[in-house]
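K.L.:
Got a structure for you, questions after.
Values in this text are rule-based calculations from the coordinates and carry no lab data. These figures come from a predicted structure and were not determined experimentally. Cβ coordinates were reconstructed from backbone atoms using ideal geometry, including for glycine residues, and neighbour counts include every protein chain displayed.
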Amino acid sequence: MKIENANQIHAALVRQGLSCRSWALLNGYNPRTVQKCIQLFAPDTGCKPKWGKISKQILSDLSKAIDFDLIGGSYD
């Protein structure tokens, strides 16, 4: 399945029985930080994280969880 926007990322988590908040807490992230990353860096925004390692790590972990590459490249 192709994911293009933030709502589709949330829907992919819901299909796995998780909310954005529950996924964040399960993975040791602040739920607001995860929400902000999803909103800022969803594929339809065309933005890629250029600052900090936490946003890249969140997107990498989220990519693995929903089985869709959100950062364009490897998950490392």
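K.L.:
Positive end of the charge dipole of the chain (Lys, Arg +1 and Asp, Glu -1 on Cβ, about the Cα centre): tell me which of PRO49, ASN7, PHE68 has its Cα farthest that way.
P.N.:
Looking along the dipole axis, the top candidate is PRO49.
K.L.:
Any idea what the relative contact order of the chain is, in percent, if you count C-alpha pairs under 8 Å spaced at least 6 apart?
P.N.:
29
K.L.:
Further, regarding this structure: Based on the Cβ-Cβ distance from ARG21 to LYS64, what FRET efficiency comes out when R0 is 22 Å, to the nearest 0.05?
P.N.:
Efficiency for this residue pair is about 0.75.
K.L.:
Tally Lys and Arg at +1 and Asp and Glu at -1 over the other residues with C-beta under 13 Å from the C-beta of ALA24: what net charge comes out?
P.N.:
+2
K.L.:
Identify which of the listed values of P(r) over Cα pairs in 10 Å bins from 0, in percent was calculated from the structure shown: (1) 20, 62, 18, 0; (2) 17, 46, 18, 11, 8, 1; (3) 19, 42, 23, 11, 5, 0.
P.N.:
For P(r) over Cα pairs in 10 Å bins from 0, in percent, the calculated option is (1).
K.L.:
Something else about it: Given Cβ point charges of +1 (Lys, Arg) and -1 (Asp, Glu) and nothing else, what value in debye, to the nearest 20, does the dipole of the range 6-66 about its Cα centre take?
P.N.:
The dipole magnitude comes to about 180 debye.
K.L.:
Net charge within 15 Å of GLN39 by Cβ-Cβ distance, Lys/Arg positive one each and Asp/Glu negative one each, not counting GLN39 itself?
P.N.:
So the environment of GLN39 carries a net charge of +2.
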